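Following: one structure in structure tokens, then a few remarks.
The values are calculated or read from the model by the stated rules, or taken from the named source; none is laboratory data. Because the structure is a prediction, the values reported are computed rather than measured. As a convention, Cβ positions derive from the backbone with ideal geometry for all residues, glycine included, and neighbour counts pool all protein chains shown.
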Amino acid sequence: MGKFITLFKFELKYWLKNPATYIYAAVLLIISTLIMAGSIGVFDSKTATTASVRLANSPIALFNMFGILTLGYFLLPSIVGGSVNRDFSSEMHSILYSYPFKKSEYILAKFLSSIVITLAIFLVFGLGFLIAPLLPGVNPEMLGPSRPLAFLQIYGLVVLPNILLFGAIVFAVITFSRNLGAGFVTMIILFFVQAISQNLMGELESKTFGALLDPFGASAITHATEYWNVAERNTNLLPMGGLVLINRLIWFAVSMLIFAATYFKFQFTQEALSFRWFSKKSAVVVKDNFNNLRDINLPKVTIDNSYSWNLKLMWNISIMNFKFIIKSVPFMVLVAFGILFMVIGHTTTMSLFGTTTYPTTWKMLLIPSSMFRLFLLLITFLYSGMLVQRERRAKMFELVDATHTPNWVQYFSKFIALIKVQILLLVVVMATCIVIQISEAYYEIEPLHYFMELFILMLPVYIVWAAISLFVQSLLSNFYIGFFALFIFSILSPFLSKLGIEQQIFNFNSGPGFTYSDMNGYGSNIPAYLFYRLYWLLFSSVLLIAGLAIWRRGIRETVKIRFRRAKENLTRTLYISLTACTIGFVAIGGFIYWFDNIKNEHKSAKERELDQVEWEHKYSKYYNIVQPRITDVKVDVDLFPETNDLKVQGRYIVKNKSNEAIDSVHINYTYKHTTIEFSRPADLVSKDTVFQYNIYKLDKPLMPGDSLKLSFTMRNRTIHFLRNSSPVLANGTFFNSGGLPSIGYSRSGELKDNTVRKKYDLPKRDRMAPPTDTTSLGNTYISECADWVNFETTVSTAADQIAIAPGYLQKKWIEGDRAYFHYKMDSPILNFYSWVSAKYEVYTDKYEDVNIEIYYHKGHDYNIADMADALKASLKYYGDNYSPYQHRQVRVIEFPRTIGSFAQSFPNTIPFSEAIGFIAKEDKSDKGAVNYAYHVTAHEMAHQWWAHQVIGANVQGATLMSESLSEYSAIKVLEQKYPKSKIRKFMKEELNSYLRGRGSESVKEQPLMYNENQQYIHYNKGAVAMYAISDYMGEANLNKALSEYVSDVAFQEPPYTTSLEFVDLMRRHMPDSLDYVITDMLETITLFDNKVDSAYVSKTEDGKYRVDFTVEAEKYRVVKTIKEDATEVESGDGAVKISFQTNSDEKEDKQYVDMNDWIDLAIFVEDENKEEQEILFKKVHVTAKENKFSFIVDKKPHSVAIDPYHKLIDRKTSDNSEKLKEKDDNKADEKITSL
């Protein structure tokens, strides 16, 4: 024990005297302080105000911020591994191992001392979160009370176990390999394991395994907290049971096993483990014929110092360095894990709504753009250091430095080797992607696309990192410190915008992005992208030459000496190159800065925020003033795909629908080059080119009932390769009426967060007005300046393209190289329309008297038939149950994914992204999910009723009658096509999306009937709620009510319908005994806690099967707790209003409701495909928390479930079903039902 203490103290003293210890701690302290400071508004004077209803120092927020400490685990190889490797690298192990101490004393002292030092450094990281709140400029509303237990949990549950686990693994690897680099590779592999677990977390079926697989424990905690709402995220401590505890115990046991194996296998020996992949172990040959030595005539050697010879030598040395890297076992292991990650990760990348997609090339290239990018950078950082230090680590540097070889030969050979490694890794990416494509029977391989993206667009980014890596590693004598510094820099550099450094020329290696579309290729962004790449390549060239100038050659070359001799190391050629690169870098940067800030106006996030404040101060007084409303729209649109230009000439007829005379017209416009004219005299009394808001005073007031014409023209600014302000694409233009001039003041430009508004002395505002606000019932949520309009448009485009807009084609003609299309709608529509133009293939079909047209990109015909079937099924179901379809045609039009991944419904026209429907690959087996192309088509088609016939007022709850009813309608169409097992999976996805969305709420969650356009409520919860109401009310009765609703309010003029009317309708049609369903689903935020507690099966004497099981059922509602503090923010549940300053210990306020509910029970058998098939389904009346049931069935059952089709909002569906266990006894139960 005495020797253990002696060794332990010696190691502690070593690290306490080592400057690296304090450098590591200082770096982590600065990082944590900056992270917390940015989260609580310290830098708000430089950038936009930080505001959120989520507290920055809540336990879960602290845990998430501690995620950056992941980079700190890369200190383990240099501290834990360095502790045991130092004896060997200093060649003191032979002496040290001869001392009379035990193996246990040596191993434990080395390991525990390094763990203590690492933990101490990590504790300093936590101090930053306590220091940041003391800085000036803190927004106190972002902070809750300091909770020491939260820090104790994070360190005890995550940090310390991870230090022990990773420390044990790294300690073992370096102990036996005697190679610190192997320790870093080990940490990279652990990162890969975590990335794989996170991929698994993306699928409902594999979440549990993903949570257990993560060695860092983060996925387990994410799994346990994913359904937490805002109130819970602000107040709850981290969960410590369930999968979190299991994960921690599993990996703690792994660490103990690894450490035990290390202990038992360790011997006091000089030799390290080595690996031989292809060669056999050979015997040692000893030469003993020294008596026969003779004189040997050596060949004459001529030394060639020519430039060409040095170039050849540089290339040959680069080959040696390249082989050194790729033949190393760690590199091979890393590549193998990288391939494994891509193979596993592609299943998540390809999946959408539970259905996979065809592995198109652009889809495959999404894989290396995420985690693989970090993997490639880590390899660059690691091996750049190994190459720089290669000769010194091999103790050959004195021989190498004594040769006549110029510095630049050695230096650039290492740079070239790094680039070769990067190219090799990109080739591996390409090969892996192609193999995956072929394995899935997809043979439309695009090698030129791979080459363009990987080697033309992505490789320059990595080359820049290779250059800065070589510079940093040349500057530092310890390549592990260099690796750590580079890793930190790569992680933190994107966060410079938080400090107000937003322009890309100041953010290392950044620039415009690029996105590929099958329809439009890379678009017009590539010139700007490559221009920025050249800018950063020139900067990296400057660093590269600077690194050569300070290249270390010799024994006593300190940094100071190397900088002093930098001028001597630079030849005339290098001086010229350095000067040229510097001038080029400054010239390009200067041009970009001039273009962005002088020729054009650049506004920072802070300036844009101040503009919003000024906008409201200046013009909000005009909100709700009487303005004329648009009644007729006629627009001529000229699209120029070859130049990306847009020209528009339009005419509105506007009418005074009020009872007051209107003496002025207020015009909002989007495009700077916009002109406005009226059909009667009007003076421009206020022209605001900053906010693009003009006020025109009419010579004669517009009297009630009178109309006038408003004509306008607009065009985009001149296109420049660095800036494109036009929506027009070479192929696949899609834009809507949102860019046209509008009338009146719009609140959409106001600041929405009340915390930020308070900072600028702006009055508190709700996200939407309540449905009782009669002043807001005069507008739909689609448009504030029109009701229903007559629409007509003529659109011109390139002759080889088809242009589509709402309406019916009146005429088509060609003039020169231009094609013209004239569309006109035969009945009034909402003031919501769009234009689409591309080179299309056209699929045509018909349902009764409705023409069906699908415009798609050539080669994207995978789901055309399914889309057409969805349109037909929708037309039938909606037409039979709601009202007749109001148009004679319906068109689905594909548009590029660069515009977005969504579909949008306009009158008889549905633009549909190529990313979400046209490449879906449906699994038609029982294990598959519903085809989302079919689902989205049915949903968008439903909007022709729910939005384009029935439209809600611009108040809370409006989207209940559009999005919720459209999603419900789509589910009913899905039920006509798919079995109940697939609908069950689909509803589980909807419920999961709603529950996850609650935690990301930015203001407050409202009941469905008061939702404020939050997708997770009106879309996902709306689907579950209306599906449940349909079940309880009866599908026929609900559809009858909806048909009545359409008949009453379709195409109505103001005041528009509200959710109050809709809920009242639901109540009238719901049986009184089930009235609670309306309350639970629409009027309140009600959640259930249902679970199967135990379930047994036993065979009866007559050969049937008796199922006995117990279920628990509870439900509660979220209750508002009103506080007097005006600065409080309501939680995401509406459950509680939390005061960030004082009410720190509040929890969600749940009001449990006595059970008096009818709930579904089901019994399932397992078919030959291991899929569950329902053999019994029954609604039971539940009046208590614990309920026992017994059923007799003919087939041997597999499982039982409560609420099997997820009609109720249950936060934990995993315990809703239970596999049956064998039971011999037949006890009488309270409820027996025979089948």
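Which number in (1) surrounded by 16 or more Cβ atoms within 10 Å (Cβ to Cβ); (2) modelled with pLDDT of 95 or more; (3) not basic (K, R) marks the one condition that W594 misses?
Result: W594 passes all but (1).
Residue check: is G554 surrounded by fewer than 16 Cβ atoms within 10 Å (Cβ to Cβ), of a type in the set (G, A, S) and either assigned by TED's automatic domain parsing to the domain that holds F74 or closer than 30 Å to T21 by Cα (or both)?
On the way: surrounded by fewer than 16 Cβ atoms within 10 Å (Cβ to Cβ): yes; of a type in the set (G, A, S): yes; either assigned by TED's automatic domain parsing to the domain that holds F74 or closer than 30 Å to T21 by Cα (or both): yes.
So G554 fits the description; yes.
Under the condition of being surrounded by 13 or more Cβ atoms within 10 Å (Cβ to Cβ) and not in a strand (DSSP E or B), which residue from region 1168-1192 is modelled with the lowest pLDDT?
Ranking the candidates gives E1171 first.
Exactly one of (1) at pLDDT 90 or above; (2) assigned to a loop (DSSP other than H, G, I, E, B) is unmet by A51. Its number?
Result: A51 fails condition (1) only.
Being out of contact with any Phe, Trp or Tyr (no Cβ under 8 Å at 6 or more places or on another chain) and either closer than 22 Å to I115 by Cβ or assigned to a helix (DSSP H, G or I) (or both): is that true of V173 here?
Details: out of contact with any Phe, Trp or Tyr (no Cβ under 8 Å at 6 or more places or on another chain): yes; either closer than 22 Å to I115 by Cβ or assigned to a helix (DSSP H, G or I) (or both): yes.
Answer is yes for this residue.
Taking L459, is it under 25 Å from F531 (Cβ atoms), in the same structural domain as T357 (by TED's automatic domain parsing) and either surrounded by fewer than 21 Cβ atoms within 10 Å (Cβ to Cβ) or of a type in the set (G, A, S) (or both)? I'd like the intermediate steps shown before the answer.
Details: under 25 Å from F531 (Cβ atoms): yes; in the same structural domain as T357 (by TED's automatic domain parsing): yes; either surrounded by fewer than 21 Cβ atoms within 10 Å (Cβ to Cβ) or of a type in the set (G, A, S) (or both): yes.
Yes: the conditions hold for L459.
For region 181-198, check the following and say yes or no: at least one residue is in a loop (DSSP other than H, G, I, E, B) and either touching a Pro at 6+ places or on another chain (Cβ under 9 Å) or within 24 Å of T348 (Cβ to Cβ) (or both). Step through it out loud before you land on a result.
Just the residues of region 181-198 that are in a loop (DSSP other than H, G, I, E, B), to begin with: none.
Looking through region 181-198, none of the residues is in a loop (DSSP other than H, G, I, E, B) and either touching a Pro at 6+ places or on another chain (Cβ under 9 Å) or within 24 Å of T348 (Cβ to Cβ) (or both).
If N247 meets every condition in (1) modelled with pLDDT under 90; (2) buried (at least 22 other Cβ atoms within 10 Å of the Cβ) apart from one, which number is that one?
Checking N247 against (1) modelled with pLDDT under 90; (2) buried (at least 22 other Cβ atoms within 10 Å of the Cβ), the one that fails is (1).
Where residues in region 95-107 are in a helix (DSSP H, G or I) and either β-branched (V, I, T) or farther than 20 Å from K265 by Cβ (or both), which of them is modelled with the lowest pLDDT? Before you say what the answer is, go through the steps one by one.
The initial filter retains those residues of region 95-107 that are in a helix (DSSP H, G or I), namely 95-96, 103-107.
Still in the list and also either β-branched (V, I, T) or farther than 20 Å from K265 by Cβ (or both): 95, 107.
Details: I95: 63, I107: 85.
Once the filter is applied, the top-ranked residue is I95.
Scan (1) surrounded by 16 or more Cβ atoms within 10 Å (Cβ to Cβ); (2) more than 30 Å from P896 (Cα to Cα); (3) in contact (Cβ under 8 Å) with a residue 40 or more places away in the chain for the single condition R757 breaks and write down its number.
R757 satisfies every listed condition except (3).
Residues P368, P359: which one is in contact with a Phe, Trp or Tyr (Cβ under 6 Å, 6 or more places away or on another chain) and either assigned to a helix (DSSP H, G or I) or buried (at least 22 other Cβ atoms within 10 Å of the Cβ) (or both)? It would help to see each step written out before you state the result.
Values: P368 fails: in contact with a Phe, Trp or Tyr (Cβ under 6 Å, 6 or more places away or on another chain).
Result: P359 is the single residue among P368, P359 that is in contact with a Phe, Trp or Tyr (Cβ under 6 Å, 6 or more places away or on another chain) and either assigned to a helix (DSSP H, G or I) or buried (at least 22 other Cβ atoms within 10 Å of the Cβ) (or both).
Hey, among the residues in region 790-819 that are small (G, A, S), in a loop (DSSP other than H, G, I, E, B) and crowded, with 22+ Cβ neighbours inside 10 Å, which one's nearest to the chain's Cα centre (by Cα)? Full working, then the answer.
The initial filter retains those residues of region 790-819 that are small (G, A, S), namely 796, 798-799, 803, 805, 807, 816, 819.
If we keep only those that are in a loop (DSSP other than H, G, I, E, B) too, we end up with 799, 805, 807, 816.
Pick out the ones that are also crowded, with 22+ Cβ neighbours inside 10 Å and you get 805, 807.
Values: A805: 32, G807: 37 Å.
The selected residue is A805.
May I ask you to verify whether Y1032 is at pLDDT 95 or above and under 29 Å from F1164 (Cα atoms)?
It is true that Y1032 is at pLDDT 95 or above and under 29 Å from F1164 (Cα atoms).
Of the conditions (1) in contact (Cβ under 8 Å) with a residue 60 or more places away in the chain; (2) outside the structural domain of F791 (by TED's automatic domain parsing), I971 clears all except one; give me its number.
Answer for I971: the failing condition is (1).
Inside region 1149-1167, can you point out the residues that are part of a strand (DSSP E or B) and either exposed (fewer than 14 other Cβ atoms within 10 Å of the Cβ) or not assigned by TED's automatic domain parsing to the domain that holds H1198 (or both)? Quick ask: steps written out before the conclusion?
If we filter region 1149-1167 for residues that are part of a strand (DSSP E or B), which is where we start, we get 1150-1153, 1157-1166.
Matches in region 1149-1167: Q1151, Y1152.
Any residue in region 409-427 that is of a type in the set (F, W, Y) sitting within a Cβ distance under 9 Å of a residue that is not in a helix (DSSP H, G or I)? List the pairs, counting only those 6 or more apart or interchain.
Hits for this filter: Y411/W551.
Inspect all residues belonging to region 1002-1010 and state whether any of them is under 21 Å from the mean Cα position of the chain (by Cα), assigned to a helix (DSSP H, G or I) and modelled with pLDDT under 95. Talk me through it step by step, then tell me what you get.
Within region 1002-1010, the subset under 21 Å from the mean Cα position of the chain (by Cα) is 1002-1003.
Restricting the remaining residues to those that are assigned to a helix (DSSP H, G or I) gives none.
No, because not a single residue in region 1002-1010 is under 21 Å from the mean Cα position of the chain (by Cα), assigned to a helix (DSSP H, G or I) and modelled with pLDDT under 95.
Working only within region 1181-1201, note down all residues that are closer than 21 Å to T1100 by Cβ and in contact (Cβ under 8 Å) with a residue 40 or more places away in the chain.
Narrowing region 1181-1201 to residues closer than 21 Å to T1100 by Cβ: 1188-1200.
Residues satisfying the conditions are K1188, F1189, S1190, F1191, I1192, V1193, D1194, K1195, K1196, P1197, S1199, V1200.
Among N297, N236, which is closer than 30 Å to S146 by Cβ and either within 40 Å of the chain's Cα centre (by Cα) or modelled with pLDDT under 80 (or both)?
Working: N297 fails: closer than 30 Å to S146 by Cβ.
N236 is the lone residue from the list that is closer than 30 Å to S146 by Cβ and either within 40 Å of the chain's Cα centre (by Cα) or modelled with pLDDT under 80 (or both).
Considering only region 562-578, I want to know if a residue exists there that is under 42 Å from the mean Cα position of the chain (by Cα) and either farther than 30 Å from T689 by Cα or surrounded by 13 or more Cβ atoms within 10 Å (Cβ to Cβ) (or both). Let's see the steps before the verdict.
Applying the first criterion (under 42 Å from the mean Cα position of the chain (by Cα)) to region 562-578 yields 577-578.
The next check asks that each one be either farther than 30 Å from T689 by Cα or surrounded by 13 or more Cβ atoms within 10 Å (Cβ to Cβ) (or both); those that pass are 577-578.
Yes.
Can you find a residue in region 1096-1108 that is under 18 Å from K1150 (Cβ atoms) and buried (at least 19 other Cβ atoms within 10 Å of the Cβ)?
First, pick out the residues of region 1096-1108 that are under 18 Å from K1150 (Cβ atoms): none.
No, the conditions are met nowhere in region 1096-1108.
Condition first: of a type in the set (V, I, T) and either outside any strand (DSSP E or B) or touching a Pro at 6+ places or on another chain (Cβ under 9 Å) (or both). Now tell me which residues in region 661-676 satisfy that. Show your work before the answer.
So in region 661-676, the residues of a type in the set (V, I, T) come out as 662, 665, 667, 670, 674-676.
Matches in region 661-676: I662, V665, I667, T670, T674, I676.
What residue, among those in region 128-149 that are under 30 Å from F111 (Cα atoms) and surrounded by fewer than 22 Cβ atoms within 10 Å (Cβ to Cβ), is nearest to the chain's Cα centre (by Cα)? Before the answer, list the steps.
Restricting attention to region 128-149, the residues satisfying the condition of being under 30 Å from F111 (Cα atoms) are 128-130, 148-149.
Applying the additional criterion that residues be surrounded by fewer than 22 Cβ atoms within 10 Å (Cβ to Cβ) yields 128, 130, 148-149.
Working: G128: 27, L130: 29, P148: 31, L149: 31 Å.
Ranking the qualifying residues of region 128-149, first place goes to G128.
Among the residues in region 854-863, are any within 25 Å of L1038 (Cβ to Cβ) and not basic (K, R)? Reasoning before the result, please.
From region 854-863, those within 25 Å of L1038 (Cβ to Cβ) are none; that's our starting set.
Within region 854-863, none of the residues are within 25 Å of L1038 (Cβ to Cβ) and not basic (K, R).
Can you name the residue in region 678-720 that is within 30 Å of E642 (Cβ to Cβ) and in a strand (DSSP E or B) and is also nearest to the chain's Cα centre (by Cα) among such residues?
The extreme case among them is H720.
Looking at region 862-900, which of the residues that are in contact (Cβ under 8 Å) with a residue 40 or more places away in the chain, basic (K, R) and farther than 19 Å from T360 by Cβ is surrounded by the fewest Cβ atoms within 10 Å (Cβ to Cβ)?
The extreme case among them is R888.
Could you list, in sequence order, the residues of region 887-945 that are under 28 Å from M961 (Cβ atoms) and of a type in the set (D, E)?
E940
A quick yes/no check of all residues on (1) of a type in the set (A, V, I, L, M); (2) surrounded by fewer than 23 Cβ atoms within 10 Å (Cβ to Cβ); (3) at pLDDT below 90:
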position	(1), (2), (3)
F166	no, no, no
I174	yes, no, yes
G181	no, no, yes
Q194	no, yes, yes
Q198	no, yes, yes
L204	yes, yes, yes
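Results for (1) touching a His at 6+ places or on another chain (Cβ under 6 Å); (2) of a type outside the set (V, I, T); (3) at pLDDT 95 or above, shown as yes or no for each residue.
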site: G589; (1), (2), (3): no, yes, yes
site: I598; (1), (2), (3): no, no, no
site: E601; (1), (2), (3): no, yes, no
site: P641; (1), (2), (3): no, yes, yes
site: G650; (1), (2), (3): no, yes, yes
site: K672; (1), (2), (3): no, yes, no
